[in-house]
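Since the structure comes first, as structure tokens, the remarks are kept for the end.
The values are calculated or read from the model by the stated rules, or taken from the named source; none is laboratory data. In this text, all values refer to a predicted model and were calculated from it rather than measured experimentally. Here Cβ is always computed from backbone atoms with ideal geometry, including for glycine, and neighbour counts include all displayed protein chains.
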Amino acid sequence: MDRRLMIAAHWFLAAATLFAGSSVSAQDFPNRPIRVIVTNSPGTTSDALARVLAPAMSRFLSQPVVVENKAGAGNLIGFEYVAKQVPADGYTVALITIPSLVTLPLTVKDLRFDPLKDLPPFIGLAKSRLVLASSTSQPWKSFNDMLTYGKANPGKLNYGSADAATRILAEAILRRVGISAVNVPYKSTAPYVQAVIASEVNFALISAPQAIAAPDRIRVLAVTGDRPSAALPGVPTFAELGHPQIRGIGLSMNGPAGMPKAAIEKLSAAAAFAMEQADVKALFEKANFDIALQSADEITKGIAEESRLFADVAKQVGIQPQ
């Protein structure tokens, strides 16, 4: 059986046990609408994914699942809102991109909550692929070619970044392979993708669809993921190149610390059910996300590993909370 389906079956079985009446609280949850907080604006990828997940979860739970946007301050407003829910009863949860969570303590000074402790995940949903890309006009044709160039020309490479996460991941790669490059920051993704195409920067981490959209102008050197990408034939994964810690953008559902076990199990089962629906699968695929269901323990371990990597690199490059 597909591992994804095995995980889903586990949650379905857990939910069925709860529905059978193992406790009054299990029978009662949920008895009113569930809110899924999106920390980005309407129309963004996270918002679209939440809005296709919500109806499927609602069918499973027999209660409305309502998406609310609480954007602003680099996801801080929405994260803090969910983390500080009292009581932490499972009726307000969040859809989260993992890099935005783990970079928060590294970039924001005087946080009034601990993102990793106060907003734990209860299910991992999917992973979006990132690619290391450069212009086709650059002199190298592979990842190893670029490394050879960088070692032969110290101080001449640069790279683009649009946020702390893309900068930290790029620096993690550079430190693993023993070369240096100058960071060129951009305010958003679109300008720095254009900078790659125009060779204003030598390379950058961008999404797979952005690279695929310009095959004659962008050369893909490596891709994240546990297996090669069918959309990028012949492109090695970072794991194949010896850098398995370089991951894509993980997506999880998180809630305030202290949620009841019954709520966690039912919400996890509902999310797993939703991820198996055809319309949900189709939108996730269109948005460049591979479905990757993970239990609370698995996704918590992954977030902890990513957090340590990000913290180590941030310290090395001098990223300070502002």
Report summary line: Only one of (1) surrounded by fewer than 23 Cβ atoms within 10 Å (Cβ to Cβ); (2) touching a Lys or Arg at 6+ places or on another chain (Cβ under 7 Å) does not apply to residue 234, and that is (2)
Query raised in the report: Inside segment 28-52, can you point out the residues that are over 10 Å from residue 95 (Cα atoms) and assigned to a helix (DSSP H, G or I)?
Result: 28, 45, 48, 51, 52
Query - Residue list for segment 175-198, restricted to those being buried (at least 19 other Cβ atoms within 10 Å of the Cβ) and within 23 Å of the chain's Cα centre (by Cα) - result: 186, 192, 193, 196
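Determine whether segment 104-117 contains at least one residue that is in a loop (DSSP other than H, G, I, E, B) and buried (at least 23 other Cβ atoms within 10 Å of the Cβ).
no
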Report task. Please work out if residue 220 is in contact with a helix residue (DSSP H, G or I) (Cβ under 6 Å, 6 or more places away or on another chain) and within 20 Å of residue 167 (Cβ to Cβ). Result -> yes
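Residues are listed down the side, and each one gets a yes or a no for (1) of a type in the set (Gly, Ala, Ser); (2) surrounded by 24 or more Cβ atoms within 10 Å (Cβ to Cβ):
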{"site": "209", "(1), (2)": "no, no"}
{"site": "212", "(1), (2)": "no, no"}
{"site": "215", "(1), (2)": "no, no"}
{"site": "246", "(1), (2)": "no, no"}
{"site": "264", "(1), (2)": "no, no"}
{"site": "271", "(1), (2)": "yes, yes"}
{"site": "278", "(1), (2)": "yes, no"}
Query raised in the report: Is it fair to say residue 312 is assigned to a helix (DSSP H, G or I), charged (D, E, K, R) and closer than 21 Å to residue 36 by Cα?
Result: no
Query raised in the report: Got at least one residue in segment 171-193 being in contact with a Leu (Cβ under 7 Å, 6 or more places away or on another chain), among the β-branched types (Val, Ile, Thr) and assigned to a loop (DSSP other than H, G, I, E, B)?
Result: yes
Report task. State which residue is farthest from residue 253 (Cα to Cα) when the search covers only segment 79-114 and only residues that are under 16 Å from the mean Cα position of the chain (by Cα) and free of Cβ contacts under 8 Å to residues at least 60 places away in the same chain. Result -> 104
Query raised in the report: Has segment 141-159 got any residue that is crowded, with 19+ Cβ neighbours inside 10 Å and either part of a strand (DSSP E or B) or assigned by TED's automatic domain parsing to the domain that holds residue 36 (or both)?
Result: yes
Report task. Output the residues belonging to segment 78-94 that are touching a strand residue (DSSP E or B) at 6+ places or on another chain (Cβ under 6 Å) and over 20 Å from residue 29 (Cα atoms). Result -> 78
Report task. Just give me the residues in segment 52-69 being surrounded by 17 or more Cβ atoms within 10 Å (Cβ to Cβ) and either in contact with a Ser or Thr (Cβ under 9 Å, 6 or more places away or on another chain) or of a type in the set (D, E, K, R) (or both), in sequence order. Result -> 65, 69
Report summary line: Here the qualifying pairs (Cβ atoms under 6 Å; residues six or more apart or on different chains; first in segment 50-70 and in the same structural domain as residue 38 (by TED's automatic domain parsing) and over 14 Å from residue 284 (Cβ atoms); second crowded, with 16+ Cβ neighbours inside 10 Å and of a type in the set (Ser, Thr, Tyr)) come out as 64/58; 65/58; 70/81
Requested in this report: Answer yes or no as to whether residue 36 is within 17 Å of the chain's Cα centre (by Cα), hydrophobic (A, V, I, L, M, F, W, C) and modelled with pLDDT of 95 or more.
Outcome: yes
